[in-house]
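Bear in mind these aren't lab numbers, they're just calculated from the coordinates by the rules spelled out. Remember, it's a predicted structure, so these values are computed and weren't measured experimentally. Using ideal geometry, Cβ is built from the backbone for each residue, glycine included, and neighbour counts are taken over all protein chains shown.
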Amino acid sequence: MYTEQANILSEHFGLNNNLDCQVTIKPIGNGHINTTLLLQSANAPVVVQKLNTYVFPQPNELVNNARLIEKHLTNKKQDNNYDLEIIKHVATVNQDYLIDIKGDSWRGLEFIGGSYSEDVVANVQQAKIAANAFGQFAAALEDFDATQLFSVIPDFHHLAKRVDTLKEVANLDKCDRLKSAKEEVDFCLSQNALIDELETLKSQLPLRACHNDTKINNMLFCSKAHNAKAVIDLDTCMSGYWLFDFGDMVRTFCSPEEEDSTNLDNVIIREDIFAAIVEGYVTPLQNLITQAEKQSFWVGAKVMCLMIGVRFLTDYLDGDNYFSIKRAGHNLDRAKNQFALYQDLLKKEDKLKALLD
């Protein structure tokens, strides 16, 4: 399927210097947005990505942000202030970091071997390790000037605008899908109190350089020691607030089901996993985090569970243009899953807030 691209990419990255060398290419990862492939020859393997320019209309800004982050982390690591491996861009033979192939934008990344990722957190220890890795990542960027990062997706975590967009798409109903999702849309439009709570809170928090996509599968475990190896996928690194990174961990770590599972009765917040996230994430930040930031984490948990559900639902109504799907109604299933998680979060508010305190 990708034979032509493999040949072109291997030339760009100097993988076909030997005429007898066979280049192979295969999909890796489980991302919703970009196409990620492993390009291999007798030389070192390179992870190549075709960037989704519908989502990232300025791919050069995405690469710029990621390279600024990797440079900062590399300096930290050289000073023994960062222990994890760093996902780095690979330059072409012409020293380019972004390639145009027939109108598609491609880049290369170093392959981090001896590692694996998870889509569902299996146990408390795994949750604590992953949360601690994201905490180390945040701590290493505490002195990074977040204002130098491009906003590659404007208003990425702006809940009010996400809900407004849902309302607009639902009113237009261009795909005639509203009838199958009316209950979910009405539920989202009833959550104004959370929108107001978030907007009030943001004025009290420092602006940070954030990962903005702290899903469990964006942290690599070491295949031998099973400890943290690397935080990956820096595509949405932008300025923001730590509450969003904490909240996305709650959203993706706490359920025993994958985020597209239709087994909604089992989509719940595991309290022991929530506690592990708190301990793992806050420990590297304990001398850096403000009291207001720590208190904001509960709002972050609520916001991220609701907001990704809003985004899945919006994409379903709009014709599935943003998130890749594998079946009809896939994004609606994802939305229902996230709303079930959000509602269980609210049911357990007293217990979970006590864990944060």
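For the chain, modelled as a Gaussian network with Cα springs under 10 Å, which listed residue fluctuates most, Asn80, Asn321, Asn123?
Maximum among the listed residues: Asn80.
Kindly express, to the nearest 10 degrees and within the range 0 to 90, the angle between helix 59-78's C-alpha long axis and the longest C-alpha principal axis of the chain.
90
Among Ile277, Ile289, which comes first, second and so on when ranked by fewest other beta-carbon atoms within 10 Å?
Working: Ile277 29, Ile289 21.
Arranged by neighbour count, lowest to highest, Ile277, Ile289 become Ile289, Ile277.
For Lys347, which lysines qualify as cross-link partners when the Cα separation must be under 25 Å and same-chain residues fewer than eight apart are set aside?
Lys347 reaches Lys128, Lys182, Lys202, Lys215, Lys294, Lys302, Lys336.
Using the alpha-carbon atoms, what tilt in degrees (0 to 90, nearest 10) does helix 124-140 show relative to the longest principal axis of the chain?
Compared with the principal axis, the helix lies near 70 degrees.
Between the range 120-191 and the range 256-325, how many Å separate their Cα centres?
8
Between Val267, Val310, Val55, where does the largest GNM mean-square fluctuation fall for the chain, given springs only between Cα atoms within less than 10 Å?
Its mean-square fluctuation being the largest, the pick is Val55.
Can you tell me the 0 to 90 degree angle between the C-alpha axis of helix 3-12 and the longest principal axis of the chain, rounded to 10?
70
Only Lys, Arg, Asp and Glu count, each charged at its Cβ (+1, +1, -1, -1), so figure out the dipole size of the range 120-356 about its Cα centre, rounded to 20 debye.
360
Lys/Arg Cβ at +1, Asp/Glu Cβ at -1, dipole of the chain taken about the Cα centre: which of Asn321, Leu243, Val121 is farthest positive-ward?
The one lying farthest along the dipole's positive direction is Val121.
Please get the size of the charge dipole for the range 146-220, origin at its Cα centre, with Cβ charges of +1 on Lys and Arg and -1 on Asp and Glu, quoted in debye to the nearest 20.
Approximately 240 debye in magnitude.
Taking the Cβ of Thr283 as the centre, find all other residues whose Cβ is under 15 Å away and add up their charges (Lys, Arg: +1; Asp, Glu: -1).
Summing Lys and Arg as +1 and Asp and Glu as -1 gives -3.
When only DSSP loop residues count, what trypsin sites (Lys or Arg not before Pro) in the range 220-303 have their Cβ near at most 15 other Cβ atoms within 10 Å?
For trypsin sites (Lys or Arg not before Pro) across the range 220-303 that sit outside H, G, I, E and B with at most 15 neighbouring Cβ atoms in 10 Å, the list reads Lys224.
Looking at the chain, send over the antiparallel percent of its DSSP beta bridges, to the nearest 5.
Working: 27 of 29 bridges.
Antiparallel bridges: around 95 percent, rounded to the nearest 5.
Find, among the chymotrypsin sites (Phe, Trp or Tyr not before Pro) in the range 34-122, those assigned to loop by DSSP (not H, G, I, E, B) with at most 13 other beta-carbon atoms within 10 angstrom.
Those satisfying the criteria are Tyr54.
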